[in-house]
Amino acid sequence: MIQGIGAAAGVAIGKAFVLPNWEWSLPDTQVNPVDLAKEFERLYEGIRTSKDEIEFIKKEFREVVGPEESSIFDAHLAILDDPVFMSEIRGIIERQYKAAEVAVKEAIDHFVAMFDLLDDEYMKERAVDIKDVGNRLLKHLLGAPEVTLPSDTQPYILVAKELSPSQLAHLNPVYVLGIVTMMGGKTSHSSIMARALGIPLVAGLENKLTSPIQTGDMLVMDGETGTVQIHPDESTVQAYAARRDKQQRKKEQLELLATVEAITKDGASLHLAGNISSVKELDMALKYGAEGVGLFRTEFLYMDRHSFPTEEEQFEVYKLVAEKVGSNSVVIRTLDIGGDKHLDYFQLPEEQNPFLGYRAIRISLDRKDMFKTQLTAILRASHFGNVKLMFPMISSVEEVQAAKAILNEVKNELDEQGIPYNHKIPVGIMIEVPAAVMIAELLAEEVDFFSIGTNDLVQYVLAVDRMNEQIAHMYHPYHPAVLRMIRMTVQAARDVGIDVSVCGEMAADERSLPLWLELGIRTLSMSPQALLRVKHRTLNTLAAEAKETAKACFRHRTSLQTEELLSAFAVRSGAAAEAPKEKTL
């Protein structure tokens, strides 16, 4: 058994198909100085073709997994526009009289080597993006064909030294049982995409194989534990096949819960909503029984285009979502760009720490014209359903008051035009920075509801970038400081009498259920894929026991103690229960 890194959960059994390394060996040829213009022309044509190809891949991938995961290709487009990378290529051509493809190859090698020297796994994995984009450009400069995958319809486990997002985007999930890579880890773009596609992936097998895996080798892999076995015996195959089949049965049986209410064994009910970025994701959430939308990430309406969406374009989407959820509510969060989300047509300033910089509500208040366009579209849509409005990354009362003042301007303009909207549209804010928690009682007097965004809250409270592999082990959602922050927020909301929900990854973590039951949080919003798992756990939980467990958690001094206690409770309750039977309907 070979131990790698479990990057995307699931069991796969099948024959290997080894993807040839996408490597180029080029002669160090020089060009005549009089032909430099031709080399630059070839370079720019290759860049244009590469951009068109990436845009096409991004669009196709978006149709499968939605806009959030497909935005990975924005990083690839940005590389082709990066002035440092492109200056390196042009400099080699201009000063050393080298052919365009040679200059591109040398630039790739230079930047990849530089990234590999950094003591940061996250940055090392970004080197894969540089190679992916550079190799795509090389392919067009050389007129080389794509590496082809098996042409028959026999499913296989794909094996590669490293798999680029572009290569993964071309895979048909129907025929790819699993993926094994020598390089990479959990935070690589390919791992993120594999999880979105539901393909098991084990990474990091470099230097762990006594001999290379060959095409046709029989493999058993477990994307959760990160293990791979080559030429397993029959008993091993049968054991893993049983696990795989059990996972599939559980998935099918969980789907029976789509129309069942989320109520604990002793009668405590939960309202489970979906986090969405598109209408396609909404359809999936509703299929899995979502009771409305707890977080509509509107920034994805602004991506994958060349200009800001118009008021009418936004209105049509918001209206459609509102109508689809019916009497249930849809919480529309205003634009949250900056940090790791960028728009090609809106230049953000260069920042040393963009996550603490010009982003979210700060941009909206600064760009009043853009903000008013979005607010107008949201207000118009509120006439067609139960729409709520939410502002992101609030850290002061002044920001809320400024946002509400602009909202009132928009309301007055709509009144003057006689355009209908919900005059009493509920207005809420995201609680995701420590400052908001510390003044929660003041903020609660300004709004109608809170939504706790645990992803950013944990990150900011602990000063830990969860995408940085060097310190990812310090990202603890159950850290005593995080739990106290959540409790303070809930108490402030309760004192003023406003609603509070949770919409981060903690909402989708079944182990957290006792915390929500004890704190009195009854609305959780999560990715569509998590809805049925959380509902299953709820149906198999006794709220009274869960609350006692949570009380003990709030007394603990370490993250580990709390995590162990919640995990043990999960085993005793929901995790110990068999997959739901039809009689639960």
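The values are calculated or read from the model by the stated rules, or taken from the named source; none is laboratory data. The structure displayed is predicted, hence computed values, not measured ones. Methodologically, a virtual Cβ is constructed for each residue, glycine included, from the backbone with ideal geometry; neighbour enumeration extends over all protein chains shown.
Per-residue answers, yes or no, for (1) at pLDDT below 90; (2) under 26 Å from residue 41 (Cβ atoms):
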residue: 82; (1), (2): yes, yes
residue: 89; (1), (2): no, yes
residue: 109; (1), (2): yes, yes
residue: 113; (1), (2): yes, no
residue: 119; (1), (2): yes, no
residue: 128; (1), (2): yes, no
residue: 133; (1), (2): yes, yes
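Would you mind finding the one in 280, 319, 251 that is under 20 Å from the mean Cα position of the chain (by Cα), assigned to a helix (DSSP H, G or I) and either surrounded by 19 or more Cβ atoms within 10 Å (Cβ to Cβ) or of a type in the set (Lys, Arg) (or both)? Working first, answer last.
Working: 319 fails: under 20 Å from the mean Cα position of the chain (by Cα); 251 fails: under 20 Å from the mean Cα position of the chain (by Cα).
Result: 280 is the single residue among 280, 319, 251 that is under 20 Å from the mean Cα position of the chain (by Cα), assigned to a helix (DSSP H, G or I) and either surrounded by 19 or more Cβ atoms within 10 Å (Cβ to Cβ) or of a type in the set (Lys, Arg) (or both).
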Next item on the list: Could you please let me know if residue 420 is assigned to a loop (DSSP other than H, G, I, E, B) and either crowded, with 24+ Cβ neighbours inside 10 Å or in contact (Cβ under 8 Å) with a residue 12 or more places away in the chain (or both)?
Entry: yes
Next item on the list: Report yes if some residue within the stretch 442-453 is at pLDDT 95 or above, more than 17 Å from residue 314 (Cα to Cα) and loosely packed, with under 15 Cβ neighbours inside 10 Å; otherwise report no.
Entry: yes
Notebook entry, point to check: Residues of the stretch 207-253 being of a type in the set (Lys, Arg) and closer than 22 Å to residue 19 by Cβ, which ones?
Noted result: 208
Check: Is there any pair linking a residue in the stretch 378-400 that is closer than 21 Å to residue 365 by Cα to one that is modelled with pLDDT of 95 or more and among the charged types (D, E, K, R), with Cβ under 7 Å and at least six apart or on different chains, and which?
Finding: 379/411; 390/333; 392/333; 393/432; 397/446; 400/446
Check: When you look at residue 265, is it over 22 Å from residue 13 (Cβ atoms), surrounded by fewer than 18 Cβ atoms within 10 Å (Cβ to Cβ), more than 23 Å from the chain's Cα centre (by Cα) and of a type in the set (D, E, K, R), yes or no?
Finding: yes
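Of all residues in the stretch 456-468 being among the aliphatic types (A, V, I, L, M) and surrounded by fewer than 18 Cβ atoms within 10 Å (Cβ to Cβ), which is modelled with the highest pLDDT?
463
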Notebook entry, point to check: Among the numbered criteria (1) within 27 Å of the chain's Cα centre (by Cα); (2) hydrophobic (A, V, I, L, M, F, W, C); (3) modelled with pLDDT of 90 or more, which single criterion is violated by residue 43?
Noted result: (1)
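For residue 447, indicate whether it is over 23 Å from the mean Cα position of the chain (by Cα) and not charged (D, E, K, R). Steps first, answer last, please.
Working: over 23 Å from the mean Cα position of the chain (by Cα): yes; not charged (D, E, K, R): yes.
Considered against the rule, which asks whether it is over 23 Å from the mean Cα position of the chain (by Cα) and not charged (D, E, K, R), residue 447 comes out as yes.
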Next item on the list: Go through (1) aliphatic (A, V, I, L, M); (2) at pLDDT below 95; (3) crowded, with 20+ Cβ neighbours inside 10 Å one by one and return the number of the condition residue 577 breaks.
Entry: (3)
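With respect to residue 563, is the statement that it is more than 22 Å from residue 273 (Cβ to Cβ), part of a helix (DSSP H, G or I) and within 24 Å of the chain's Cα centre (by Cα) true? Working first, answer last.
Values: more than 22 Å from residue 273 (Cβ to Cβ): yes; part of a helix (DSSP H, G or I): yes; within 24 Å of the chain's Cα centre (by Cα): yes.
Yes.
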Next item on the list: Could you please give the count of residues in the stretch 85-96 that are buried (at least 17 other Cβ atoms within 10 Å of the Cβ) and within 17 Å of residue 29 (Cβ to Cβ)?
Entry: 3
Check: With respect to residue 51, is the statement that it is modelled with pLDDT of 85 or more and within 24 Å of residue 348 (Cβ to Cβ) true?
Finding: yes
Next item on the list: Select from the stretch 331-352 the residues that are touching an Asp or Glu at 6+ places or on another chain (Cβ under 8 Å) and without any contact (Cβ under 8 Å) to a residue 60 or more places away in the chain and list them in ascending order.
Entry: 335, 336, 337
Note to self: Testing residue 429 on (1) outside any strand (DSSP E or B); (2) touching a strand residue (DSSP E or B) at 6+ places or on another chain (Cβ under 9 Å); (3) among the hydrophobic types (A, V, I, L, M, F, W, C), one condition comes back false. Which one is that?
What the structure shows: (1)
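Regarding residue 157, is this residue surrounded by 19 or more Cβ atoms within 10 Å (Cβ to Cβ), farther than 24 Å from residue 240 by Cβ and modelled with pLDDT of 70 or more?
Numbers: surrounded by 19 or more Cβ atoms within 10 Å (Cβ to Cβ): yes; farther than 24 Å from residue 240 by Cβ: no; modelled with pLDDT of 70 or more: yes.
Here the answer is no, as residue 157 does not meet what is asked.
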Checklist line | Residue identified as modelled with pLDDT of 95 or more, of a type in the set (Val, Ile, Thr) and within 29 Å of residue 566 (Cα to Cα) among 429, 425, 471, 419 | finding: 429
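Among the listed residues 513, 565, 519, 531, which satisfies the condition of being touching a strand residue (DSSP E or B) at 6+ places or on another chain (Cβ under 7 Å) and either of a type in the set (Val, Ile, Thr) or modelled with pLDDT of 90 or more (or both)? Quick ask: steps written out before the conclusion?
Numbers: 513 fails: touching a strand residue (DSSP E or B) at 6+ places or on another chain (Cβ under 7 Å); 565 fails: touching a strand residue (DSSP E or B) at 6+ places or on another chain (Cβ under 7 Å); 519 fails: touching a strand residue (DSSP E or B) at 6+ places or on another chain (Cβ under 7 Å).
Going through 513, 565, 519, 531 in turn, the sole match is 531.
Give me the residue from the stretch 291-316 that is in a loop (DSSP other than H, G, I, E, B) and without any contact (Cβ under 8 Å) to a residue 60 or more places away in the chain and, out of that set, nearest to the chain's Cα centre (by Cα).
Looking at the filtered set, the residue picked out is 305.
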